[in-house]
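Asker: I'd like to ask some things about the structure below.
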Amino acid sequence: MAGDEPAPDGGTARGAGTGFEGIDWTAVDDAGSAGPSAAVTAEVLVLLGLAAALVYDYVVLANEAPTVGVVGWDVTGVEWLLVVVLVVGAFHAALPLARNRRLTAYYWRQFRKNRAAVVSLGFLGVVFLVGLVGPLIWTAPNEAIDYAAAYQPPVFAGGSWEHALGTDAQGRPIWHLIVYGMRVSLEVGLISMVFAISIGTVVGTAAAYFGGYVDEALMRYVDLQQTFPVFILLLLLIYLYGASLLLIIALYGLFSWEGTARLVRSEALQRGEEAYVRAAEATGAGRWWTIRRHLIPNVSSTVITAATLSIPVFILGEASLSFLGFGDPDVFSWGRTISAGRSDLPNAPWISTIPGLFLFLTVLAFNFVGDALRDAIDPR
Amino acid sequence: MSRHHTTTDQTEPLLRVTDLRTQFRTDDGVVRAVDGVSFGLNAGETVCLVGESGSGKTVTAESITRLVDCPPGEISGRIEFRGEDLTAASEDRLRSLRGAEIAHVFQNPQDALNPVHTVGWQVAEVVQIHESVSRRAARKRAVDLLDRVDIPDPAATADAYPHELSGGMKQRVLVAVALAGEPDLLIADEPTTALDVTIQAQILDLIADLQAEFDMAVLFVTHDLGVVARVADRVVVLYAGKVMERAPVDRLFDAPAHPYSRALLACLPGRGESNGAIPGNLPDATDPPPGCRFASRCPFAVEDCHEGDHPPLAPVAEDTDVEAGATVGDPPAGSAPLAASSAERSASPDAGPDREHVAACLFHGEDYDAAHLDREVAWSAAEGDHGE
Amino acid sequence: MGMKWYVVRRVAWAVVATYLAVSLTFGLLMVTPNAGADVAAAQAAASGQDYDAVRERYLERRGLDRPVEEQYVDYMTNILTLDWGYSFSQGEPVLAAIGEAWVYSAQYFVPSILISALLGYGIGLYSALNRYTPTDYLGSFVAYFGISIPNFWFAIVLILLFGVVFRLLPTFYDSGVALLSVQNAKQLLLPVVVLSTASVAGQMRYSRAQAIEYARSAFVKTARAKGASEWRVLTRHILRVALVPLSTILIADVLAVLFAGSFIIETIFQIPGLGRLALEAIQQRDTPLVLATTLIPVFIAILGNLLQDLAYVALDPRIDYGDR
Ligand code: SF4
């Protein structure tokens, strides 16, 4: 371990080992506290640009023309959300990491100790890229129906390279179904996660910071939400309102943050006792300022781990719903593909098993990465 | 590195630790927490292991009955308890010793009791483990023991849960737990550090009383020289996993030989320049630099200090006392009970091994003159002048 | 604040939670267009009748044209008096349909809970005490596998292997088989394995982490310094303390995982239990049955939470009754 990379400053790296608490978040977030920094301005501008494009898409283009004409991509509501989530992620995760090289390098050294997690990260990178740009390259499954090519086995089972992973009952290439399924999983996992984690963090810190009746009320609500099984609530709401991907994502985001809220609350309660929060209060910092600048950054290692580990739960949940036939009929979720292939199991097992394998590996990879992240940034 | 007085004494010491090494394999390399420590302990005697946190004193104490987790820990060297080598003993054998012959009291009474059992149950547990007695008899013993450690209303307190007791009371319960097996050796690891000053004194008195009553030897681990002065017969000063100095307590306070011991004493409030702490940090435990472990913080360090191995323990000449006016040539004495005054201690004329005074510093070796250490130094400036 | 007051408060909270949950379902019904009426009207329209007239008659007959408060009181009274309505899709009262279905669900659900708890805790604690051994690594591997594998896909693969390829086990559930028979055990094997895999894995990970945390604690060191054997340390000290947090996750997480799983299991293995009943109800837009099958798991969850809170009283002397 020690030999392969010169540690330029062993002492500092060790110091940073206390986790995210080691960072001066005020410095990371913006340079001065007086006005919004370049990063914040840039983020706001990008988001405003997106909003303008959204309005343009819905008002001017309506449903007549694809949004991005060149590649024929008509951006849907969920896709808009995904773009927003990616922008937010870039400014709040990627940017601070890039700015804080030494800390990033330290975390990377810790993370790298877990081989399985590194491989998983690579796999997720591929899933991310393919899920993002794949639908622009490969035709949508419903446009690729070709009954003449039905039930082609994958290449390793005697099929041809033309459809390397085989085709389904309607002659759709399994690979196309997988690529579009990746997109769906990305959307469900990332968007729901951002919703759930944001709400959970805000509620958790608020409960811890304000205490008293606020705490009591929030935590009672959390109790209630935890009692009501989300999956059943989802079924009920889908029954009432009909299935759509946006609804599923929103419901997962809105009704599964209670675990995060609890975690963050107990973490923030501990942190709140610590000197710097007391000091911030003593200097007359406002409550929200204290929460935003001191409490939230310091529960971030808890939050990041919870975030990573919640993604696979959402992906699995959506796949289960789709499998049961309660998914969005307009998207090609892996769950739906697996379900559709069920009747052909004895004669064409690849239709169900190959997408299932991708689903399994994606979830597995998220779990590996989540655990390794916890070990790297939150050593106990 | 071993002691020079192996065969001369009339009785074997109760405990003899020779060249003890305890290391931990971690992702970042092998941490040598204890790196060749030797000392002895006679029946009924109190020996203090002193050092800063990270010096290896706790690991030394917990290595004796193999309470350190192995793996990842590895223990080597010899630990002779009544002549039996514990490093070679089976886990079963050690279990029968723990609690019965060798008992422990740990630092933080807040966490050392199991929160879901009553304190009476936890005292009685020791009796039940080591003797085949009925539950009722064990409980009766527990109540007696709680009474013995001066817990008011012991029968009622036996049914209390730890969270219902104060820190001082919990530490008394833990002392009762340690006494329950009537051990010959009590290993007390910073038993008073987490307590209020007044409670500290009470617990120290309690341990001293019980030591006399049960004729126990006590291995006392502490960083607090005030406690050392109060309880110790002899002192072992540890630094970075190595013994820096071994001395009878009066010799250590009157004529500390090793620069590290002097630094510790100088930082004691009311002595020397009392600015609290010795500047600098412990060396890296996975990959210590060559030479004396203390060299990076030592104001006397010369070039040779940064080379080779850590200096061996060498006898300290009687006349190399620190300052003029210090008690020179204190008459040697045999082992003395804990509560003995220093006048009583100097009664015996026998210069046995218990009076040995050794220090691991080049200047106490043959090639250097220990008088060099007597020049005035400013401890706080040590790092700036001589660091790295 | 004594223990009694605490228990009273927790029971009261369970009642309030039940009330809120039932009210919530009522609220959802109110804000949604009436599916049943639409279905009836559409059918009527198809057979040549007037859509709106049929729709209105439908609402009137069921008292759905009355003021909201009246309907609310009615609804709550019906739920309370176990008058849960008539299921048109099953052709019998809702409670009768549920009475027939629950036996099938319980057959695989109860063994799954037991297996989750026993196997999960057992392996988790064993791994914690034998860290860095091959068994521990194997356990961790199984745990990752268990929490990551989609249960519906796992079920399909197992059916493919054991039912289709090796022909060892039946591929679906046959409700004609006697309850206590080898054949019944055989056909329940795969459902139980599939359903408990995820929760066993979850319990394993959690109990392992808990046990490792406690194994490092000062009181365990005290116990070892007393000369206690590893077994004694494990059972009397680590496990006894770990039971407090473990009982929490058993109710909250296991129930949630198993509820979601039961829909999948019953669909794939064609078990005529509560999950299938619920799905059929949803597909056929049979509102009374949908509500009933939604409320039952909610009631079970509330009851489970209450039991868990009461378990705290028995398990943890430190509990601060005033604070909870
Ligand atoms: S050997 Fe050198 S560095 Fe070490 S204590 Fe003696 S003088 Fe100081």
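Just so you know, all these numbers are worked out from the coordinates, no wet-lab data involved. Since we're looking at a predicted model, the values are computed, not measured. Quick reminder, even Gly has a Cβ in these numbers, built from the backbone with ideal geometry, and neighbours come from all protein chains shown.
Asker: Taking θ = phi - 60°, what integer Hz values does the Karplus form 6.51 cos²θ - 1.76 cosθ + 1.60 yield along region B:199-214, in sequence order, with x for Gly and Pro?
Answerer: Couplings: 5, 3, 4, 4, 5, 4, 4, 4, 4, 4, 4, 5, 4, 5, 5, 9 Hz.
Asker: Tell me, what ³J(HN,Hα) does each residue in region B:31-38 have, in order and in whole Hz, if you take phi through Karplus 6.51 cos²θ - 1.76 cosθ + 1.60 with θ = phi - 60° and put x for Gly and Pro?
Answerer: Ordered by residue, 3J(HN,Hα) equals 8, 8, 6, 10, 10, x, 9, 10 Hz.
Asker: What are the ³J(HN,Hα) values, in whole Hz, obtained from phi via the Karplus relation 6.51 cos²θ - 1.76 cosθ + 1.60 with θ = phi - 60°, for each residue of region A:240-257 in sequence order, with x given for Gly and Pro?
Answerer: 6, 10, x, 7, 8, 4, 4, 5, 4, 4, 4, 5, 4, x, 7, 10, 9, 9
Asker: Which of the helices in chain C, when you take each full DSSP H run, stretch at least 30 Å along the axis at their Cα atoms and have an average Kyte-Doolittle score of -1.0 or higher?
Answerer: Helix filter hits for chain C: C:3-31, C:94-129, C:182-215, C:287-315.
Asker: Next question, about the same structure. Could you pull out every residue, at least 5 positions away or on a different chain, whose amide H is within less than 5 Å of the one on C:GLY85? Hs are placed 1.01 Å off N in the peptide plane, and Pro or chain starts have none.
Answerer: The answer is C:VAL94.
Asker: Can you put C:SER87, C:SER181, A:SER333, B:SER76 in order of Cβ neighbours within 10 angstrom, beginning with the fewest?
Answerer: C:SER181, B:SER76, C:SER87, A:SER333
Asker: Expressed in nm to one decimal, what extension gain is obtained for the pair B:THR286 and B:ASP215 from 0.36 nm per residue of sequence separation less their Cα-Cα distance?
Answerer: That pair, B:THR286 and B:ASP215, stretches by 21.6 nm at full extension.
Asker: With a 10 Å Cβ neighbour count serving as the proxy for reagent exposure, in which order, fewest first, do C:VAL110, C:VAL142, B:VAL177, C:VAL220 appear?
Answerer: C:VAL110, C:VAL142, C:VAL220, B:VAL177
Asker: Once amide H atoms are placed 1.01 Å from N in the peptide plane, what residues at a sequence separation of 5 or more from B:GLY77, or on another chain, have their amide H within under 5 Å of its amide H?
Answerer: Long-range HN contacts for B:GLY77: B:ARG21.
Asker: Dipole of chain C, Cα-centred, from +1 at each Lys and Arg C-beta and -1 at each Asp and Glu C-beta, to the nearest 20 debye?
Answerer: So the dipole magnitude of chain C works out to roughly 1980 debye.
Asker: Another question about this same structure. For each of C:VAL182, B:VAL237, B:VAL133, count neighbouring Cβ atoms within 10 Å of the residue's Cβ, then give the residues from fewest to most.
Answerer: If I rank by nearby Cβ atoms, fewest first, I get C:VAL182, B:VAL133, B:VAL237.
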